[in-house]
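All of the numbers you see were taken from the coordinates with simple rules; none came from a lab. Worth saying up front: this structure is predicted, and the values here are computed from it rather than measured. Neighbour counts run over all protein chains shown; Cβ positions are idealised from the backbone, glycine included.
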């Protein structure tokens with residue numbers, strides 16, 4: 001009967017060790033995914049910031065070289 005308990009204890013110990021290894025691997029995977037998500041979020045923020053900067057400064061044929069039109073100055077030629 002002692003041998004049977006010893007075998008059961010060994011089996012239980014092995015099962016616990018396997019569960020610990022599984023939990024550790026899941027924790028590492030979770031850390032990796034969180035890091036990837038943070039990196040993607042930062043990339044998205046940077047892209048939106050760049051787009052907002054371009055939209056704010058203007059672009060296309062009506063944009064000023066400096067980016068923002070000076071509305072205080074009359075650019076029409078005086079006749």
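Note on residue 31 and residue 10: their simple-model spin labels are 3.3 nm apart, each label 7 Å out from Cα toward Cβ. For segment 18-58, the C-alpha radius of gyration sits at 1.97 times the compact-globule guess of 2.2 N^0.38 Å, with N the residue count.
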